[in-house]
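First the structure, in the form of structure tokens, and then the observations on it.
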Amino acid sequence: MFSPRSGKNSNVHLNMDNFPKHLSDALSTMYDRLVEKKGLFVPLGIARGHKLLKDLNYPEELLARLPNGYAELAFPCANPLKRICSLQPRRLLDLGCGCALDTLFCALSLTELDELTAIDNSPALLARAEKLLGCFPELKTNLTLQRADLNQLNKTAFAKFDLILMNGSFNLIYRKLEFLSTLSGLLEEGGTLLIYDFLLTECLPPGFTQEIDNWLWNIGGALSRKELKQTLASVALKLLTVNELERIDPVARCELLIVHA
């Protein structure tokens, strides 16, 4: 596993009022560098590419259809396809879509899907996503790729969805209460928010959350289960189930099934 920074070094003096912009800029730059094959900000001690996707149980028949180079651009927290297929959405929003791997696989797997909107803030990743989707002219779903900063998402810019997916992007949101209020407004009544990310299992060290690097790998922005439930309840969302996929103290990798209350 990776080793996040301890909170003693470079970013501790950031103006916290401007932290969301610093975070968004750092994320966009990191993924642009990944696409350009210039490396990442910090080394990762986890599987990457096809091995990562295979370890997360993505269907081999779908992985085999990926053009060369796309598996290396994907960093999902889990494989959401089985859960999404069980929910049978008609209008799906993929937030933090990256190179659109989940977007593509959903479009290929869900025969009743009417509309699929995928959003990311990295121009380089979105350009690769457009090329990826262009390799599958047989797709019938109404697909839209859009660039937007999730930390400044505007609910008035979209119609409502019956399923919102966030696969490894929720903990990159700085003001989660404001963000979840936006998602509540984007969900149909009875709609589902499906999140794959880390929940805290113990307290983080002092100063840890003030380091940009610790946010980039989804730890700095992690909530405890209690904090998440309280935040959701204040915006008419309900945590229905928590499925712990892997324990890596001080966090657990989880599937979070949330409904519009």
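The values are calculated or read from the model by the stated rules, or taken from the named source; none is laboratory data. Quick caveat: nothing in here was measured; it's all calculated off a predicted structure. A quick note on method: Cβ atoms are made from the backbone with ideal geometry, for glycine too, and the neighbour counts reach across all protein chains shown.
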Spot the failing condition for LEU237; the list is (1) touching a strand residue (DSSP E or B) at 6+ places or on another chain (Cβ under 9 Å); (2) surrounded by 22 or more Cβ atoms within 10 Å (Cβ to Cβ); (3) closer than 19 Å to ASP149 by Cα, and only one is missed.
-> (3)
Do we find a residue being more than 23 Å from SER86 (Cα to Cα) and either touching a Lys or Arg at 6+ places or on another chain (Cβ under 6 Å) or in a strand (DSSP E or B) (or both) anywhere in the stretch 234-241?
-> no
All conditions in (1) of a type outside the set (Ser, Thr, Tyr); (2) closer than 26 Å to SER24 by Cα; (3) surrounded by fewer than 22 Cβ atoms within 10 Å (Cβ to Cβ) are true of PRO137 except (2)
Right, PHE75: under 15 Å from the mean Cα position of the chain (by Cα), of a type outside the set (D, E, K, R) and modelled with pLDDT under 90 or not?
-> yes
Residue match in the stretch 85-102 (condition: over 25 Å from GLY221 (Cβ atoms), buried (at least 18 other Cβ atoms within 10 Å of the Cβ) and charged (D, E, K, R)) = yes
When residues of the stretch 199-220 are limited to those that are in a loop (DSSP other than H, G, I, E, B), out of contact with any strand residue (DSSP E or B) (no Cβ under 7 Å at 6 or more places or on another chain) and of a type in the set (A, V, I, L, M, F, W, C), the one surrounded by the most Cβ atoms within 10 Å (Cβ to Cβ) | TRP217
For the stretch 64-74, which residues satisfy the criterion of being touching a Phe, Trp or Tyr at 6+ places or on another chain (Cβ under 9 Å) and either of a type in the set (Phe, Trp, Tyr) or surrounded by fewer than 16 Cβ atoms within 10 Å (Cβ to Cβ) (or both)?
-> ARG65
From the list TYR174, TYR196, which one is in contact with a helix residue (DSSP H, G or I) (Cβ under 9 Å, 6 or more places away or on another chain), in a loop (DSSP other than H, G, I, E, B) and either modelled with pLDDT of 95 or more or within 28 Å of LEU52 (Cα to Cα) (or both)?
-> TYR174
